[in-house]
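The values are calculated or read from the model by the stated rules, or taken from the named source; none is laboratory data. For clarity, every value in this text was computed on a predicted model and none was experimentally measured. Don't worry about glycine lacking a Cβ; one is built from the backbone with ideal geometry, like all the others, and counts go over all protein chains shown. Only protein heavy atoms, including side chains, enter the accessible area calculation; ligands, DNA and RNA are left aside. Shrake-Rupley method; radii C 1.70, N 1.55, O 1.52, S 1.80 Å.
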Protein chains: 2
Amino acid sequence: MAIRYELIKECKQTGARLGRLHTPHGVIETPIFMPVGTQATVKAMTPEELKEMNAQIILSNTYHLYLRPGHDLVRAAGGLHKFMNWDRPILTDSGGFQVFSLGDLRKITEEGVEFQSHIDGSKHFLTPEKVMEIETALGADIIMAFDECAPFPAEWQYVKDSLERTTRWAVRCKAAHTNTDNQALFGIVQGGMYRDLREQSAKELVALDFPGYSIGGLSVGEPKELMYEVLDYTTPLLPKNKPRYLMGVGSPDALIEGSIRGIDMFDCVLPTRIARNGTAMTSQGKVIIKNAKYTRDFTPLDPECDCYACKHYTRAYIRHLYKADEILSSRLLSTHNLHFLINLMKQVREAIMEDRLGDFRNAFFAKYYGETSKED
Amino acid sequence: MAIRYELIKECKQTGARLGRLHTPHGVIETPIFMPVGTQATVKAMTPEELKEMNAQIILSNTYHLYLRPGHDLVRAAGGLHKFMNWDRPILTDSGGFQVFSLGDLRKITEEGVEFQSHIDGSKHFLTPEKVMEIETALGADIIMAFDECAPFPAEWQYVKDSLERTTRWAVRCKAAHTNTDNQALFGIVQGGMYRDLREQSAKELVALDFPGYSIGGLSVGEPKELMYEVLDYTTPLLPKNKPRYLMGVGSPDALIEGSIRGIDMFDCVLPTRIARNGTAMTSQGKVIIKNAKYTRDFTPLDPECDCYACKHYTRAYIRHLYKADEILSSRLLSTHNLHFLINLMKQVREAIMEDRLGDFRNAFFAKYYGETSKED
């Protein structure tokens, strides 16, 4: 087995899980936020900077790396770890989400998905077996089965047909995946916003005995309360001795609410994407750095933060960099936002250890969101 | 006096000068290449990274900072050093080059230059006194007098009128500059490609007894041999006990040839600009990273280099980053190119110390340029 999940304790106040995930490239403390390095780089960051902020694992995207530079090249480079100079754990998704997001540019059959590249329009055909070949070449510690992420909203029958195909593809992925000593294959629970379908999907996948389970098809446009409701009835269906990964979720409230509902792993492009667009997540809520009120604000982005950006630079300076379209603006804001989420999860783990995650949530929300509604 | 130049020795083979320049923010070993941080940031880099590669001094642009974020803001931030988190020496130019480059957008009178901002079209009027006010607010260790950089080619009479106005403006700058304990004001020798005019300009400025002298109006489109010829007869006109700065020059051959002709300081956007465009300067010449031949080249940018980029990444990876438009591509190539020029100047200083700069030049050129002609 490539990985082993160790449940340390459950928060008496919330039921959130504190754990350790042992992988070929080291141990991950969970619950954890995973920075996203779509194209074999976490945008604007070096691996050393990610380590400095205690990033324990990163995610990379199979769809993007398959198209560019190609998995053959990454394999020839010695795998993704060596190619990108990252020696800690990596998780790769399956490309399913990206391929299905292409809309008219893709066509689904039982065999797989035919699609056109977003880069050059070239035609490709991904099957569960092909995805396993690609993910094996990339060499991540944790890899995802090829799934369909149904859109929201979607009819019950569509979602049912889709999740059943996802199960059949999971069977094919499991059969095609041979590098089980070095890579752990996760099944992805689908079923949209339908309780009976989530139950069906979870049951079918758990029967296949994967080393871990992802929950897909959430954070696709539905209200957050609905996502939490789906998690409420889905996570209890998953085995306690396996890690649970909620895909594509990274807003501070969802990280906390997901942890409370038994999720161990999260990923999202949010912190780095909004960084490049000039937004910081701080202990007092969001800071939109271009706003005129920061013109002569010589305080750090977040007075409670000890990241590199907050230790050395002012809002006024970062605002100047942002308005002048300087790369250092993206670097500093990405550094801060990733540090913020990684540090948030550290606090979540401490709160679980001390059985006070509910209190922590209430205090954090009051400070971060104030009187406004919770949003990304 | 804000600065003091200490001549250590002259190369017996070439006459190049080895020196030390004492400034309020530390000692600079010369001859030196100064990275350019136009908008209060050396593009894509942090100050710590610049220190790691032993950057001893950086340059920043008065024109850009005056327009954005404004010198009042930088003064309120505690000056440029504090604003941008750089505690080593800084040199600011006068804005003359940028303003005169605006062409139809500027109008020169004896009093100063009226121009329109390249950012928002707003109208501004720069005079020698105003430039001193701005450079004092920015607070660099070394500041430039407001000059006109004549275009190339230009008629003798135009260049003569221009240099004489530059001298009159230098007198006004000197009178307006009061912060002499903390900032050293350099006069800028102009005179185009005319020997008699260079002699006139140098003589007039030396009579004003500046703490250092710049040579402006070169690297403006003329052949390099012509630039070297101008240096051949201009640097001997400058006092031996003052530093000499050749403005806007940064190609490897010009750094060596300039040093041989008695120049102590150089600056250029070249290394960071070509880095963002995907070009590396290496011990074996230029590497255009997008070229197909690097697709599966798993060697470093420069096998003889020990910079961060060369220690950890391959040409294949950096090529992938460049083609994927990732910020890390600009970071790694900027790191390498700046390291390359800073290290080149270290080798130049060692060669001067050992009276073998001529030999070093010949060996370097044979390797860097091979059989091709010298160009940027």
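General remarks:
- Residues that are among the aliphatic types (A, V, I, L, M), touching a strand residue (DSSP E or B) at 6+ places or on another chain (Cβ under 9 Å) and either under 26 Å from B:Y213 (Cβ atoms) or at the interface with chain A (Cβ under 9 Å from one of its Cβ atoms) (or both) within segment B:77-107 comprise B:L80, B:M84, B:I90, B:L91, B:V99, B:L102, listed in sequence order.
- Verdict on B:T335 being closer than 28 Å to A:I327 by Cα, out of contact with any Gly (no Cβ under 7 Å at 6 or more places or on another chain), modelled with pLDDT of 95 or more and assigned to a loop (DSSP other than H, G, I, E, B): no
- Segment B:43-67, residues that are crowded, with 23+ Cβ neighbours inside 10 Å and either touching a Leu at 6+ places or on another chain (Cβ under 6 Å) or under 22 Å from B:M132 (Cα atoms) (or both): B:I57, B:I58, B:L59, B:S60, B:T62, B:Y63, B:L65, B:Y66
- Only a single item in (1) more than 14 Å from chain B (Cβ to nearest Cβ); (2) at pLDDT 95 or above; (3) open to solvent by 10 Å² or more (accessible area, probe 1.4 Å) is not met by A:Q284, and it is number (2).
- Residue within segment B:77-86 that is among the aromatic types (F, W, Y), in a helix (DSSP H, G or I), within 22 Å of B:D181 (Cβ to Cβ) and over 15 Å from the mean Cα position of the chain (by Cα) present: yes
- When every residue of segment B:16-38 is checked against the conditions, at least one turns out to be within 28 Å of A:Y308 (Cβ to Cβ) and over 19 Å from the mean Cα position of the chain (by Cα).
- Residue in segment B:97-105 that is small (G, A, S) and surrounded by fewer than 18 Cβ atoms within 10 Å (Cβ to Cβ) present: yes
- B:I134 passes every criterion in (1) among the β-branched types (V, I, T); (2) over 14 Å from B:N179 (Cβ atoms); (3) under 22 Å from the mean Cα position of the chain (by Cα) apart from (2).
- Candidate set from segment A:68-89 (those that are aliphatic (A, V, I, L, M) and crowded, with 20+ Cβ neighbours inside 10 Å); member that is nearest to A:T335 (Cα to Cα): A:M84
- Residue, nearest to the other protein chains (Cβ to nearest Cβ), within segment A:58-76, restricted to residues that are assigned to a strand (DSSP E or B) and among the hydrophobic types (A, V, I, L, M, F, W, C): A:I58
One line per residue, one yes/no per condition, for (1) of a type in the set (F, W, Y); (2) over 21 Å from B:V269 (Cα atoms):
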position: B:T62; (1), (2): no, no
position: B:L80; (1), (2): no, no
position: B:T92; (1), (2): no, no
position: B:F100; (1), (2): yes, no
position: B:E133; (1), (2): no, yes
position: B:P151; (1), (2): no, no
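- Among the conditions (1) open to solvent by 10 Å² or more (accessible area, probe 1.4 Å); (2) part of a helix (DSSP H, G or I); (3) among the hydrophobic types (A, V, I, L, M, F, W, C), A:A254 misses just one, which is (1).
- Per-region count, segment A:317-331, residues more than 28 Å from the chain's Cα centre (by Cα), facing chain B (nearest Cβ under 7 Å) and crowded, with 21+ Cβ neighbours inside 10 Å: 3
- Test: residue in segment B:20-28 that is in a strand (DSSP E or B) and in contact with a Ser or Thr (Cβ under 9 Å, 6 or more places away or on another chain): yes
- In segment A:306-316, the residue that is nearest to the other protein chains (Cβ to nearest Cβ) out of those that are in a helix (DSSP H, G or I) and in contact (Cβ under 8 Å) with a residue 12 or more places away in the chain is A:A316.
- Condition check for B:I342: crowded, with 20+ Cβ neighbours inside 10 Å and more than 9 Å from chain A (Cβ to nearest Cβ): yes
- Count of segment B:296-305 residues which are touching a strand residue (DSSP E or B) at 6+ places or on another chain (Cβ under 9 Å) and either in a helix (DSSP H, G or I) or open to solvent by 60 Å² or more (accessible area, probe 1.4 Å) (or both): 2
One line per residue, one yes/no per condition, for (1) within 18 Å of A:K203 (Cα to Cα); (2) aliphatic (A, V, I, L, M):
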| residue | (1), (2) |
| --- | --- |
| A:L138 | no, yes |
| A:F146 | yes, no |
| A:P153 | no, no |
| A:V159 | yes, yes |
| A:R168 | yes, no |
| A:V171 | yes, yes |
| A:A176 | no, yes |
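- Answer residue from segment B:29-57, given it is in a strand (DSSP E or B) and under 13 Å from B:L338 (Cα atoms) and is farthest from the other protein chains (Cβ to nearest Cβ) among those: B:I32
For (1) among the hydroxyl-bearing types (S, T, Y); (2) within 20 Å of A:D325 (Cβ to Cβ), each residue gets a yes or a no:
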| position | (1), (2) |
| --- | --- |
| B:Y5 | yes, no |
| B:P24 | no, no |
| B:P47 | no, yes |
| B:Y63 | yes, yes |
| B:L67 | no, yes |
| B:K107 | no, no |
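- Among residues of segment A:355-366 that are loosely packed, with under 15 Cβ neighbours inside 10 Å, those with a Cβ under 9 angstrom from a residue that is assigned to a helix (DSSP H, G or I), sequence gap 6+ or separate chain, pair up as A:D359/A:A351.
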